[in-house]
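Derivation of every value follows stated rules applied to the coordinates shown; laboratory data play no part. Treat the numbers as computed from the prediction; the structure is a model and nothing was measured. Neighbour counts run over all protein chains shown; Cβ positions are idealised from the backbone, glycine included.
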Amino acid sequence: MANDESIVQEQQQIIGDAYRQLGERFYADNRGNAPEAYADVFATIRNAELSIETYEAEQRRLKELEEKGLILCPFCGEEIVNRSVFCNFCGRRLSDYNPTKVYVKNTAEEAPEEKPAEEEPAAEETAAEEELTTAADTAVEDIREEDVKTETADTFTGYTALRTCSRCGFQTDDLEAMFCNNCGARLPSVGAAEATPETHEKHCPFCGFRTSDADVLFCIECGARMV
């Protein structure tokens with residue numbers, strides 16, 4: 001009896017493998033023109049394939065960023081230095097990220113909860129809201145332009161344009177950064193960058209802290225040896 005059962009199981013395995021091969025060949029031969037009777041099955045397979053392709057593409061990108069010493073801000077999705085405590089694009093502390101919440105891309109704002117449909121506002125109210133939105137967008141754009149204005153200190157030979165955080169003293173030469181990587185405070189505009197002679201400056205290779213004091217041996221921010 002035991003031998004009979006093993007024979008049945010073996011033959012069932014052979015049948016199952018043949019069915020799988022038949023299905024794979026049928027799908028491959030009709031992938032571009034799925035028969036109507038099997039359209040839903042073809043769609044399920046294709047959606048799964050797309051999910052795998054998307055995941056693999058994301059993993060390749062993360063690996064490329066890791067090789068460059070970068071990560072993606074979990075709040076806004078911008079590329080930032082992997083040692084950052086705060087995102088210098090949205091200003092949020094990275095440790096505050098909550099994976100159970102949904103955030104609006106390119107901002108640190110949480111996605112609003114869906115609400116029941118409401119009655120459409122009157123035309124006058126809609127026009128007033130549009131004017132306020134336009135004014136707010138213009139104000140934000142003006143702030144961004146002010147932060148990346150011209151006239152940087154690196155136009156002078158032998159000097160490096162640095163932007164110093166007024167709260168913690170962290171310095172960076174990133175002209176597009178809006179917030180401090182170390183404490184999250186807003187950085188001064190590019191026009192306010194300090195010109196520091198390159199030859200007299202020491203910096204921390206781990207956290208980026210800079211100083212012109214040649215006697216400093218270790219970083220005051222993270223304790224690493226200065227170079």
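Quick rundown of the values:
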item	result
Full-stretch length increase - Leu65, Asp174 - with 0.36 nm per residue and alpha-carbon distance subtracted	37.5 nm
Charge sum, other residues only, whose C-beta stays under 14 Å from Gln59's C-beta, Lys/Arg counted +1 and Asp/Glu -1	-3
Order of Thr44, Thr164 under a 10 Å beta carbon neighbour criterion, fewest first	Thr44, Thr164
Per-peptide average of other Cβ atoms within 10 Å, ordering 51-58, 86-93 highest first	86-93, 51-58
